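Since the structure comes first, as structure tokens, the remarks are kept for the end.
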Amino acid sequence: MGMRTIDVDLLPRHCDNIYEAVVVLSKRARQVSAKQKAELDEKLAYYEGFTSDMENLRMQEEQARVSLDYETKAKPPEVAIEELLANEIYFRNPNEEG
């Protein structure tokens, strides 16, 4: 799944300038990535410790399915961009607060 191109002129509508938009997007993408990683680790932790060969084969298949599900999810930068364009991200600049 490739990234789609976006009009960079849309980003400053949601922020003061393009650079601020990039910073907001990168921070949000890191948050989304950490959340997805934690969910994956939680799901994969279930499969640790199985020793029987018969169970091990079945568990490996299920573990592979979980990993493939994770890989087909939207990538964190894509999620962040969609959230910014839909005005679902709240952010503030601490330097501008008085």
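All of the numbers you see were taken from the coordinates with simple rules; none came from a lab. Predicted model, so just to flag it, every value in this text is computed and none were measured. All Cβ positions, glycine included, derive from the backbone under ideal geometry; neighbour counts span all protein chains shown.
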request  = Work out which helices of the chain, taken as complete DSSP H runs, extend at least 30 Å along their axis over the Cα atoms and score a mean Kyte-Doolittle of -1.0 or more, then list them.
outcome  = 18-45
message = So, R0 is 22 Å and r is the distance between the beta-carbons of residue 18 and residue 83; what FRET efficiency does that work out to, to 0.05?
response = 0.80
ask   = How would you rank 57, 85, going from fewest to most other Cβ atoms within 10 Å of each one's own Cβ?
value = 57, 85
key: Calculated P(r) tail over 15 Å for the chain, as whole % of Cα pairs   = 69 percent
query = For the chain, which longest stretch is free of loop sites, where a loop site is one of the GluC sites (Glu not before Pro) that DSSP puts outside H, G, I, E and B and that has at most 11 other Cβ atoms within 10 Å?
reply = 1-47
query = With a 10 Å Cβ neighbour count serving as the proxy for reagent exposure, in which order, fewest first, do 22, 66, 8 appear?
reply = 8, 22, 66
ask   = With point charges of +1 on the Cβ of Lys and Arg and -1 on the Cβ of Asp and Glu, referenced to the Cα centre of the chain, which listed residue (46, 89, 11) lies farthest in the positive direction of the dipole?
value = 11
note = Label model pair residue 36, residue 75: point-to-point distance (7 angstrom along the Cα→beta-carbon line) in nm is 0.9 nm
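To the nearest 20 Debye, how big is the dipole of the chain about its Cα centre, given +1 on the beta carbon of each Lys and Arg and -1 on that of each Asp and Glu? Please report the intermediate quantities before stating the final value.
Numbers: 13 positive and 20 negative charges, 27 e Å.
Approximately 120 debye in magnitude.
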key: Residue-span extension gain [residue 48 to residue 26] - 0.36 nm each, minus C-alpha spacing   = 4.7 nm
query = Among 81, 6, 89, which comes first, then next, by fewest other beta-carbon atoms within 10 Å?
reply = 6, 89, 81
